[in-house]
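Colleague: Starting off with a structure, shown below.
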Amino acid sequence: MNLFIYVTLIAITIYTSGFGITLWKEKQKISALAVFFLTLVIIVLPFFTMF
């Protein structure tokens, strides 16, 4: 089950960061920074909820 959770989180992180890159290329820098911050939260948050 943990493997499924980690694979899902990695997939969501890749998809979200790809969306951020797309926004950055379209010159929407503030929105891209918000999406990159969201990606960072997705990466860090599971470490605080495992206990």
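The values are calculated or read from the model by the stated rules, or taken from the named source; none is laboratory data. Keep in mind that this is a model prediction, so the values were computed, not measured. Note that we place each Cβ from the backbone using ideal geometry, even for glycine, and neighbour counts take in every protein chain shown. Heavy atoms of the whole protein, side chains included, go into the accessibility calculation; ligands, DNA and RNA do not. Shrake-Rupley method; radii C 1.70, N 1.55, O 1.52, S 1.80 Å.
Colleague: Among the listed residues Ile43, Ile30, Ile14, which satisfies the condition of being of a type in the set (Val, Ile, Thr) and more than 15 Å from the chain's Cα centre (by Cα)?
Modeller: Answer to the selection: Ile30.
Colleague: I'm checking my understanding of the structure. Among residues of segment 1-40 that are of a type in the set (A, V, I, L, M, F, W, C) and surrounded by fewer than 10 Cβ atoms within 10 Å (Cβ to Cβ), which one is modelled with the highest pLDDT? Give the derivation first.
Modeller: Going residue by residue through segment 1-40, those that are of a type in the set (A, V, I, L, M, F, W, C) are 1, 3-5, 7, 9-12, 14, 19, 21, 23-24, 30, 32-38, 40.
Narrowing further to those that are surrounded by fewer than 10 Cβ atoms within 10 Å (Cβ to Cβ): 1, 3-4, 30.
Numbers: Met1: 74, Leu3: 88, Phe4: 89, Ile30: 92.
Result: Ile30.
Colleague: I've got another one for you. Taking Leu9, is it in a helix (DSSP H, G or I) and more than 16 Å from the chain's Cα centre (by Cα)?
Modeller: Details: in a helix (DSSP H, G or I): yes; more than 16 Å from the chain's Cα centre (by Cα): no.
Considered against the rule, which asks whether it is in a helix (DSSP H, G or I) and more than 16 Å from the chain's Cα centre (by Cα), Leu9 comes out as no.
Colleague: State which residue pairs qualify: first residue more than 17 Å from Ile10 (Cα to Cα) and aromatic (Phe, Trp, Tyr) and inside segment 24-51, second residue open to solvent by 90 Å² or more (accessible area, probe 1.4 Å) and assigned to a helix (DSSP H, G or I) in any location, beta carbons under 6 Å apart, and separation of 6 or more residues or different chains.
Modeller: none
Colleague: Kindly list, by first and then second residue, each pair from a residue in segment 1-20 that is without any contact (Cβ under 8 Å) to a residue 24 or more places away in the chain to a residue that is open to solvent by less than 90 Å² (accessible area, probe 1.4 Å) and among the β-branched types (Val, Ile, Thr), limited to pairs with Cβ atoms under 7 Å and residues at least 6 apart or on different chains.
Modeller: Hits for this filter: Ser17/Thr39; Phe19/Val35; Gly20/Val35; Gly20/Thr39.
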